[in-house]
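Some notes on the structure that comes next.
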Amino acid sequence: MKFKHSDHSDLLRRLSPPQGKIDMVLDTDTYNEVDDQFALAYALASPDKLNVKAIYAAPFHNDRSNGPEDGMYRSYDEIIRLTKMLKTPFEGSIYRGSKHFLTNEDTPEESEAVRDLISRSQKYSPEHPLYVVAIAAITNIASAILMDPTIIDRIVIVWLGGNPLYWRDTHEFNLFQDIAASRIIFDCGAPVIQLPCRGVTSHMLTTIEDLKFHIGGKSELCDALIELYNGYRENHFGYAKELFDVAAVAWLINSDWAPSLIVPSPIVSYEGNWSCDQTRHPIRTVEYVERNPIFADMYSKITTI
């Protein structure tokens with residue numbers, strides 16, 4: 001599909017870090033790892049900056065699912081489980097997402113989440129966009145764009161996906177699961193803030209002892225997060241795990257914690273490599289994350305919900 005691109009000056013304005021409180025939806029493969037759960041809790045614990053309107057379950061396939069559909073349903077159930085632990089009930093909506101990855105760049109995967117994003121975005125504008133925070137395969141968002149390309153003018157996509165543009169490849173879990181959807185996101189002209197993994201958000205490390213010291217015993221949710229982390233690995237000796245997804249939420253809270261720059265939107269090959277055309281529309285890509293202030297902020301907030 002060919003997309004009509006916005007004027008570059010308009011894109012640059014929408015790629016600027018947001019000021020004040022914003023509305024957002026969270027697209028997440030919550031059952032896939034442990035970092036999604038932390039990112040979900042962090043977003044819900046930041047009502048001074050983030051108004052979480054809806055949460056979408058995204059498909060995933062690895063050894064924790066029997067396929068994309070099973071991964072999506074497991075993620076949906078995990079979202080429900082976690083939000084039930086909140087001291088204050090979650091007032092937003094929770095939707096099931098796509099059952100399959102895209103088979104091509106023209107055919108969307110329709111779902112509750114896709115229909116909600118299309119409908120919900122109608123309330124927003126280029127001056128007051130809806131922030132779509134995606135920490136999974138980008139299938140749901142790409143499908144919504146294929147079904148209604150006009151949403152490009154009303155949303156800003158904050159996506160944790162791919163590796164840095166200088167990396168030797170982009171065989172990263174979120175991006176490489178659905179190359180067709182990834183190509184749509186980088187080709188369609190939507191404002192995209194990309195948070196790469198290797199060498200950037202892979203800096204978001206923590207340990208089981210760190211978690212126990214800072215959030216242990218603070219709430220049912222905090223203890224559940226620690227249990228999830230602890231169960232991810234049998235031997236924690238000398239081990240620190242990346243909580244990649246937390247960085248996507250942190251950029252919205254304080255972009256100074258995740259320095260970034262404007263670059264031409266990259267081209268993604270089906271082999272999982274980047275190429276660049278300097279004439280393409282701009283996106284913003286994060287170069288580095290300040291691990292310490294992000295974790296301090298997250299720990300102080302999630303102990304309160």
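The values are calculated or read from the model by the stated rules, or taken from the named source; none is laboratory data. Keep in mind that what you see is a predicted model, and the values were worked out from it rather than measured. With ideal geometry, Cβ positions are generated from the backbone for all residues, glycine too; neighbour counts draw on all protein chains shown. The accessibility values were calculated without ligands, DNA or RNA, using every heavy atom of the protein model including side chains. Shrake-Rupley method; radii C 1.70, N 1.55, O 1.52, S 1.80 Å.
So how do Thr107, Thr139 rank on accessible area, 1.4 Å probe, biggest first, that is with the largest at the start?
Thr107, Thr139
Give the total of Lys-Lys pairs in the chain with Cα-Cα distances below 13 Å; include a pair only if its members are 8 or more places apart or on different chains.
The result is 7.
Enumerate by residue number the GluC sites (Glu not before Pro) in region 200-305 meeting two conditions: DSSP loop (anything except H, G, I, E, B), and at most 10 other Cβ atoms within 10 Å of the site's Cβ.
Filter output for region 200-305: Glu234, Glu271.
Tell me the relative contact order for region 98-185 as a rounded percent, counting alpha carbon contacts under 8 Å between residues six or more apart.
Taking the mean separation of contacting Cα pairs over the length of region 98-185, I get 34 percent.
Stretched out fully, how many nm does the piece from Asn235 to Glu91 gain, at 0.36 nm a residue minus the Cα gap?
That pair, Asn235 and Glu91, stretches by 48.0 nm at full extension.
Taking chymotrypsin sites (Phe, Trp or Tyr not before Pro) as candidate sites, keep only those in a DSSP loop with at most 16 other Cβ atoms within 10 Å, then name the longest stretch of the chain containing none of them.
After excluding every exposed loop site, the longest remaining stretch is 4-165.
Would you mind calculating the relative contact order of the chain from Cα pairs under 8 angstrom and at least 6 residues apart, reporting the percent as a whole number?
That works out to 20 percent.
Could you report region 67-226's accessible area per residue, 1.4 Å probe, as an integer in Å²?
Each residue of region 67-226 exposes 38 Å² on average to a 1.4 Å probe.
When you have a sec, figure out the Kirkwood radius of region 43-155 from all distinct Cα pair distances and drop it here in Å to one decimal?
Computed over Cα pairs of region 43-155, the Kirkwood hydrodynamic radius comes out at 14.8 Å.
Calculate what fraction, in whole %, of the accessible area of region 168-305 sits on carbon and sulfur atoms when a 1.4 Å probe is rolled over the protein chains.
Values: 2760 of 5630 Å².
Of all accessible area on region 168-305, carbon and sulfur atoms account for 49 percent.
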